[in-house]
């Protein structure tokens, strides 16, 4: 997706030289290289939950000396671990040849350069299953700090410290042959994973603690209001209660709804 690598040759000109390629290759530079299928198709609308994982400190990691020697190795290990961790957290039990899950697995995933977008179809999902998605993604972030980071830092320097996550619900629309998706909730999730001192956050829209979470899980989250670029000055969000309690009292007070 997104690759365009025609065969270039050097064309000698009267005043120097320049690159040249065949007319067929030149004409091939068009939206088809995005590999989205028929972009003119009507988009399918889906009620979705969008979650974006982002590696805190990834830019610093890629700026080290000879990053080409470590970044591919790290990303290979990280992506293998991430998908396995998501699968493991959604695994509930084994019944003969069937695997019982806490909820459906995501139907779409996309690498974003320094993180991954996951999408869930929430149509006809009971509220508790939607809450299970959030709770399980929180466990994935905790598992990064508890196991993946300590293990990986032994063989690499400047490994990203945290795995951040932003979550939002809303409608998304398919593009082309459903090879990509767009929607406000994806943008909101992207904003929330960059929420300053909070490594895990989800929008209040579409979530009620008592409705979507078990009593035990409800204790993990606190409601705050915060300015979100492009959304508003007093957006209501849920964050981890333990991260909120680490802030100075005057900062916490400003965040209370």
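Report note on the peptides 50-59, 16-25, 105-114: ranked by the mean count of other C-beta atoms within 10 Å, highest first, their order is 50-59, 105-114, 16-25. Among 86, 71, 100, sorting on how many other beta-carbon atoms sit within 10 Å of each Cβ, with the fewest leading, yields 100, 71, 86.
Of all the options 30, 12, 63, the one that moves most in a Gaussian network model of the chain with Cα springs shorter than 10 angstrom is 12.
By the helix-only formula, in which each DSSP H run with n ≥ 4 contributes -39500 (n - 2.57) and the sum is divided by residues, the chain has a 222 nm mean residue ellipticity of -8500 deg cm²/dmol. For residue 102 and residue 7, the difference between the fully extended length at 0.36 nm per residue and the C-alpha to C-alpha distance is 29.2 nm.
Expressed as a fraction of 2.2 N^0.38 Å, the value expected for a compact globular protein of N residues, the C-alpha radius of gyration of segment 1-75 is 1.81.
With R₀ set to 30 Å, the beta-carbon distance separating residue 39 from residue 112 gives a calculated FRET efficiency near 0.90. For the chain, modelled as a GNM whose springs connect Cα atoms under 10 angstrom apart, the maximal fluctuation among 94, 138, 227 occurs at 94. If you take the beta carbon distance between residue 236 and residue 129 as r and set R0 to 22 Å, what does 1/(1 + (r/R0)^6) give as a FRET efficiency, to the nearest 0.05? Step by step, r from the Cβ atoms, then E = 0.45.
Cα centroids of segment 1-79 and segment 131-199: 22 Å apart. Listed by Cβ neighbour count within 10 Å, with the fewest neighbours leading, 242, 252 appear as 242, 252. If R0 is taken as 30 Å, the Cβ-Cβ distance between residue 64 and residue 27 corresponds to a FRET efficiency of 0.15. Against the longest alpha carbon principal axis of the chain, how many degrees, from 0 to 90 and to the nearest 10, is the axis of helix 127-143 turned? On a 0 to 90 degree scale, this one is about 70. Ordered by the number of other Cβ atoms lying within 10 Å of each residue's own Cβ, fewest first, 39, 228 fall into the sequence 39, 228.
Measure nothing fancy, just the Cα-based angle from helix 71-90's long axis to the longest principal axis of the chain, in degrees from 0 to 90, nearest 10. Between helix and principal axis, roughly 40 degrees.
Sequence-distant contacts, meaning Cα pairs under 8 Å at least 6 residues apart, place the relative contact order of the chain at 20 percent. Note: the chain, Cα convex hull, 215 Å³ per residue.
Here, each number is a calculation from the coordinates, and none is a lab measurement. None of the values given here were measured: they were computed from a predicted structure. Positions of Cβ are generated from backbone atoms using ideal geometry, with glycine treated the same way; all protein chains shown enter the neighbour counts.
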